[in-house]
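Below: the structure, in structure tokens.
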Amino acid sequence: MSESSDQAQFSEAHTFTGSLIPKLQRHPKRIVFTDGADERVLRVAARMVKDEVGIPILLGDREQILSLAREHGIGLDFVKVLEPEKAGDFDVFCEFLKRTEHVRGVEVSNAAEILRQPAYFGAMMIQYGQADGLVGGNLSYPSSIFRSLLHLVKPVPTVPRVFSVAILSAPHLAHFGREGILFLADCGLNEELSSEQLAAIAVETGNLARIYFGRRPRVALLSHSTKGSASTSSGREVLAATEIARQQVHPDEIEIDGELQADAALDPLASEIKLPNAEFKQAADVLVFPNLDAANITLKLLTHVGGAQAYGQFILGLTRPAAQVSRTMDADGIYGTALVVGVEAIKYHELYPQGEA
């Protein structure tokens, strides 16, 4: 396959991911892909090497991966391909797993069987410093990626609940954030959330957005109600979460607002109508949803109907950066996700200065 045909698998650099490439060229990171036997991932790995943004590590059957690369004419120079059970660290990781589970009061007799699964082996790699970040899920169910990360990667003590964030780019859509980019949380992990948990998600996602935008982001906690327009228990939960979150941030660093309907959060004209006494509001950069159904449905509609380019979902609240990608995500989305994970690895000490780095 020609280089021009290969490059056709990727669109022109989006505003968001295009800004990440120079950062990673200065500080390349090792990114492990747990589902390596995938043409999309092979193209992403080759692109990472070409752009000099990182060292790709592909997990899976080595001969299958190399055969797939030959079939599609994809070069894998400087790409590391690993079969978990043949890796030099396999036995060491098995002992680590047994020891960790023993401390938890669980005796593991099948450590090798567990770590033969690429998702678990990849999680061990990032936990013990053999890779800087992880991307998986392009061939497997989300639960397998989430389960391995939650089981093997240490959580950040200051974050009460691990959650996921999707980043969407859609400069062609009106009111899609201030720069055509939106952060959505929690789209993948938590079915129902308390006010305290919603507040924590708002604060952590706001911190992530602040680092990437390099400015004060606006975080909107969404509801079917705007400032009590429909008095319901769910609306009151979101309002309470808004007040808790405001107490946890400096107003000059992150703006927190809620409870808001989506139009009031994103369309300044709708905001003026529904909040007539409020100061002028820019479109929100971060949307925090009251539950998993609302968040995940919105994510799928924006990507499959609205044409937004999705990156992630990024798992926040762990001491190592990782992302679960959809099985329907294209190579462009996987590449952008890998870039974001790499930059997270650079900036993790800024996100979690009190956590383990």
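The values are calculated or read from the model by the stated rules, or taken from the named source; none is laboratory data. Everything numeric here is computed off the predicted structure, so don't read it as measured data. Glycine also receives a Cβ, built like all others from the backbone with ideal geometry; neighbour counts cover every protein chain displayed.
Below, the figures for the structure above:
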read-out	value
Flag for residue 32 being modelled with pLDDT of 95 or more, in contact with a Leu (Cβ under 8 Å, 6 or more places away or on another chain) and either assigned to a strand (DSSP E or B) or not charged (D, E, K, R) (or both)	yes
Identity of the residue in segment 126-147, free of Cβ contacts under 8 Å to residues at least 40 places away in the same chain and in contact with a helix residue (DSSP H, G or I) (Cβ under 9 Å, 6 or more places away or on another chain), that ends up surrounded by the most Cβ atoms within 10 Å (Cβ to Cβ)	144
From the options 52, 85, residue that is closer than 17 Å to residue 29 by Cα, assigned by TED's automatic domain parsing to the domain that holds residue 147, exposed (fewer than 15 other Cβ atoms within 10 Å of the Cβ) and touching a residue at least 24 places away in the same chain (Cβ under 8 Å)	52
Segment 247-264, residues that are surrounded by fewer than 18 Cβ atoms within 10 Å (Cβ to Cβ) and either hydrophobic (A, V, I, L, M, F, W, C) or part of a helix (DSSP H, G or I) (or both)	263
Segment 208-235: number of residues that are modelled with pLDDT of 90 or more and surrounded by fewer than 19 Cβ atoms within 10 Å (Cβ to Cβ)	3
Residue check, residue 22 in contact (Cβ under 8 Å) with a residue 60 or more places away in the chain and surrounded by fewer than 21 Cβ atoms within 10 Å (Cβ to Cβ)	no
Matching entry among 33, 16 (being under 18 Å from the mean Cα position of the chain (by Cα) and farther than 19 Å from residue 138 by Cα)	16
Check on residue 293, farther than 20 Å from residue 229 by Cβ, assigned to a loop (DSSP other than H, G, I, E, B) and either modelled with pLDDT of 95 or more or charged (D, E, K, R) (or both)	no
Matching option when the condition is within 26 Å of residue 41 (Cα to Cα) and either touching a residue at least 40 places away in the same chain (Cβ under 8 Å) or not assigned by TED's automatic domain parsing to the domain that holds residue 346 (or both), among 112, 123, 174, 199	123
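Here's the yes/no breakdown for (1) within 15 Å of residue 166 (Cα to Cα); (2) of a type in the set (D, E, K, R); (3) surrounded by fewer than 19 Cβ atoms within 10 Å (Cβ to Cβ); (4) touching an Asp or Glu at 6+ places or on another chain (Cβ under 7 Å):
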residue	(1), (2), (3), (4)
266	no, no, no, no
277	no, no, yes, no
288	yes, no, no, no
302	yes, no, no, no
308	yes, no, no, no
